[in-house]
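The values are calculated or read from the model by the stated rules, or taken from the named source; none is laboratory data. Not measured: the values here are computed from a predicted model. Note that we place each Cβ from the backbone using ideal geometry, even for glycine, and neighbour counts take in every protein chain shown.
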Amino acid sequence: MSVADVLLLTLVAVLTRLVLSSRWGAALRGWILLGLSVLAIFWLQPAMPIRFLDFWLPVLTLAITLCSWLLTAEKEQVRSKQTLVTTAFLFLLILLVALTRHLGWDGVLTANRPPQTLQVLVGLGILAVLAFLLGWLGKSTARWQGVGILALLLVFIFLKLPDLTLWLSGTVRGWVGQSTANASALDIRWLGFSYVAFRLIHTLRDRQAGRLGDVSLQAYVNYVIFFPAISAGPIDKVQRFTKDLLQPVTRDLSSFADAFYRILLGLFKKYAVADTLALVALNSQNAAQVQSNGWGWILVYAYAFQIYFDFAGYTDIAIGLGRLLGIRLPENFNRPYLKPNLTQFWNNWHMTLTQWFRAYFFNPFTRSLRTRYRQLSPTWIILITQLSTMLLIGLWHGITWNFVLWGVWHGLGLFVHNRYSDWVKPRMARWGDRPRLQQAMNVLNVLVTFNFVALGWVWFALPQVSSSLQVFARLFGIGC
């Protein structure tokens with residue numbers, strides 16, 4: 001998003017807040033937020049070279065959201081009048097966006113002209129049939145929920161693995177009559193799919209475990225595609241989100257001030273600090289040009305702060321926009337570079353992602369290993385679970401060898417810290433009456449942790465293992 005986009009969304013959020021705080025606006029809050037979020041995902045979806053794809057991808061977002069809700073809802077909910085009205089409302093909004101092709105609104109709601117109305121009607125018809133088969137025939141079972149999770153993971157793999165994305169681009173180009181020779185892995189950029197998938201998997205898994213209460217289709221779609229958080233998080237939980245959705249919205253000036261402060265802070269972090277640091281931060285182009293280890297360290301440190309201020313800035317903007325709309329999105333960063341060890345770093349960096357993996361992978365996997373493989377020592381269990389968790393987090397960013405190595409880097413780092421922490425605790429206890437020594441150790445730990453994380457970004461920032469190894473060699477004066 002550009003600064004102009006953020007300012008426009010802020011204006012929309014302010015006007016919506018004024019409407020929601022009125023008597024009739026409060027009664028229609030769910031519908032107003034739903035309409036805004038649906039229109040926003042069409043507007044925020046970036047333009048793509050494949051014909052009509054920037055229209056169909058938001059439609060697919062709504063389709064998989066509807067299907068996931070049908071896999072989690074009870075029969076009584078599925079067949080209720082409110083569900084029928086919400087579904088009709090979603091279909092109507094999609095159709096209205098498609099009809100803008102006849103108004104000459106290209107680039108207003110969609111990046112390019114929407115497809116022919118007949119094509120959209122056929123697509124909506126197919127979606128209606130699929131919804132009927134999933135919902136009205138009673139497919140809300142643990143097995144079908146597992147199928148839904150597997151389907152989401154497969155789509156995720158297709159979007160994250162460059163070879164599969166390239167094949168998918170060529171296939172879609174063939175369907176719409178475009179040259180397959182121009183296919184690229186960058187052709188398909190699905191707005192917020194990674195975060196949408198996390199939210200959907202969370203609800204499907206919670207339904208399997210019996211932790212998901214009744215959630216209406218309207219509230220569910222609002223949760224999944226809530227526009228302040230769809231592109232860059234944070235990853236909320238539906239139970240917490242729906243509680244906020246039921247709270248009344250007021251015109252309290254302090255809440256306005258708090259929201260504007262977070263938005264302005266986010267704008268400063270992202271567009272003033274991060275974008276400035278990006279000029280000298282590590283990337284594949286300047287990594288090949290650096291000849292001294294001093295400049296190499298400058299590039300690495302610049303990237304470490306650039307990625308933090310970029311991501312934290314977007315998060316502040318999302319939280320501020322959410323508060324204007326009466327939704328308190330969870331915090332995602334808490335001064336991670338000032339933490340004295342790697343465990344605390346990950347408890348304060350992209351916190352909602354860490355909590356998601358802890359709840360839906362790390363903890364269940366740990367319990368499974370302890371139950372099924374009792375002969376495994378606690379040390380081996382810690383190594384396996386931490387390494388596999390960080391490996392998955394790396395693959396979530398992209399299925400490449402560099403992201404694999406970044407995940408292994410942090411997995412091994414967490415394991416070493418865990419073992420070191422157990423060894424050093426009794427020794428640190430002897431320093432209870434020496435606060436200055438403890439302070440010095442804390443500063444040293446912060447510096448070591450920060451540098452470990454900063455060096456790990458070398459894997460993250462560059463596309464190839466060979467270029468990353470060259471940067472490491474330059475940093476430590478090897479082969480110079």
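Within the stretch 291-333, if we keep just the residues that are touching a residue at least 60 places away in the same chain (Cβ under 8 Å) and of a type in the set (D, E, K, R), the residue that is farthest from Phe256 (Cα to Cα) turns out to be Glu331. Looking at Arg211, Arg205, just one residue is part of a loop (DSSP other than H, G, I, E, B), surrounded by fewer than 22 Cβ atoms within 10 Å (Cβ to Cβ) and among the basic types (Lys, Arg), and that residue is Arg211. The number of residues in the stretch 313-340 being part of a loop (DSSP other than H, G, I, E, B) and either among the aromatic types (Phe, Trp, Tyr) or surrounded by 20 or more Cβ atoms within 10 Å (Cβ to Cβ) (or both) comes to 7.
Assessment of the stretch 229-236 against the conditions (small (Gly, Ala, Ser) and within 27 Å of Val78 (Cβ to Cβ)) yields at least one matching residue.
Taken together, Ser184, Ser194 contain a single residue that is under 25 Å from Gln119 (Cβ atoms) and among the small types (Gly, Ala, Ser), which is Ser184. Flag set for Phe52, criterion: of a type in the set (A, V, I, L, M, F, W, C) and touching a residue at least 60 places away in the same chain (Cβ under 8 Å). Selection of helices (runs of 4 or more DSSP H) fully inside the stretch 1-64 by the criterion of at least 1 residues being farther than 21 Å from Ala259 by Cα and either in contact with a Cys (Cβ under 8 Å, 6 or more places away or on another chain) or in the same structural domain as Val147 (by TED's automatic domain parsing) (or both) returns 23-27, 29-44. Say whether the condition of being among the hydroxyl-bearing types (Ser, Thr, Tyr), surrounded by fewer than 17 Cβ atoms within 10 Å (Cβ to Cβ) and under 22 Å from Ala461 (Cβ atoms) is met by at least one residue in the stretch 379-390. No: the stretch 379-390 contains no residue that is among the hydroxyl-bearing types (Ser, Thr, Tyr), surrounded by fewer than 17 Cβ atoms within 10 Å (Cβ to Cβ) and under 22 Å from Ala461 (Cβ atoms). Against the definition (touching a helix residue (DSSP H, G or I) at 6+ places or on another chain (Cβ under 9 Å) and either surrounded by 13 or more Cβ atoms within 10 Å (Cβ to Cβ) or under 29 Å from Ser169 (Cα atoms) (or both)), how does Leu93 come out, yes or no? Yes; evaluated as a whole, the condition is true for this residue. Condition check: of a type outside the set (S, T, N, Q), without any contact (Cβ under 8 Å) to a residue 24 or more places away in the chain, touching a helix residue (DSSP H, G or I) at 6+ places or on another chain (Cβ under 7 Å) and over 15 Å from Ile225 (Cα atoms). Does Val85 satisfy that? For Val85, the condition - of a type outside the set (S, T, N, Q), without any contact (Cβ under 8 Å) to a residue 24 or more places away in the chain, touching a helix residue (DSSP H, G or I) at 6+ places or on another chain (Cβ under 7 Å) and over 15 Å from Ile225 (Cα atoms) - is not met. Listed by first and then second residue, the pairs with beta-carbon distance under 6 Å, at least 6 apart or on different chains, first residue in the stretch 150-165 and more than 14 Å from Trp401 (Cα to Cα) and without any contact (Cβ under 8 Å) to a residue 60 or more places away in the chain, second β-branched (Val, Ile, Thr) and not in a helix (DSSP H, G or I), are Thr165/Ile188.
When Leu217 is tested against (1) over 26 Å from Pro115 (Cβ atoms); (2) surrounded by 15 or more Cβ atoms within 10 Å (Cβ to Cβ); (3) more than 15 Å from the chain's Cα centre (by Cα), just one condition goes unmet, and that condition is (1).
When Gln82, Gln116 are checked against the criterion of being in the same structural domain as Val38 (by TED's automatic domain parsing), surrounded by fewer than 17 Cβ atoms within 10 Å (Cβ to Cβ) and more than 19 Å from Thr203 (Cβ to Cβ), Gln116 stands alone in meeting it.
Output the residues belonging to the stretch 261-295 that are in a helix (DSSP H, G or I), in contact with a helix residue (DSSP H, G or I) (Cβ under 7 Å, 6 or more places away or on another chain) and either at pLDDT 90 or above or acidic (Asp, Glu) (or both). Within the stretch 261-295, Arg262, Ile263, Leu265, Gly266, Leu267, Lys269, Lys270, Tyr271, Val273, Ala274, Leu277 meet the criteria.
Take the residues in the stretch 350-378 that are buried (at least 18 other Cβ atoms within 10 Å of the Cβ) and touching a residue at least 40 places away in the same chain (Cβ under 8 Å), then tell me which one is nearest to Phe311 (Cα to Cα). Across the stretch 350-378, the extreme among qualifying residues is His350. Of everything in the stretch 253-272 that is surrounded by fewer than 18 Cβ atoms within 10 Å (Cβ to Cβ) and among the hydrophobic types (A, V, I, L, M, F, W, C), the residue that is farthest from the chain's Cα centre (by Cα) is Leu253. Reported count of residues in the stretch 120-141, each being of a type outside the set (Lys, Arg), more than 25 Å from Ser194 (Cβ to Cβ) and touching a residue at least 12 places away in the same chain (Cβ under 8 Å), is 8. Might you let me know whether the stretch 302-315 holds any residue that is more than 30 Å from Leu11 (Cα to Cα), outside the structural domain of Asn451 (by TED's automatic domain parsing) and of a type in the set (A, V, I, L, M)? Yes: the stretch 302-315 contains one or more residues that are more than 30 Å from Leu11 (Cα to Cα), outside the structural domain of Asn451 (by TED's automatic domain parsing) and of a type in the set (A, V, I, L, M). Here is the figure for the stretch 443-457: residues that are at pLDDT below 95 and either under 13 Å from Val408 (Cα atoms) or not in a helix (DSSP H, G or I) (or both) total 0.
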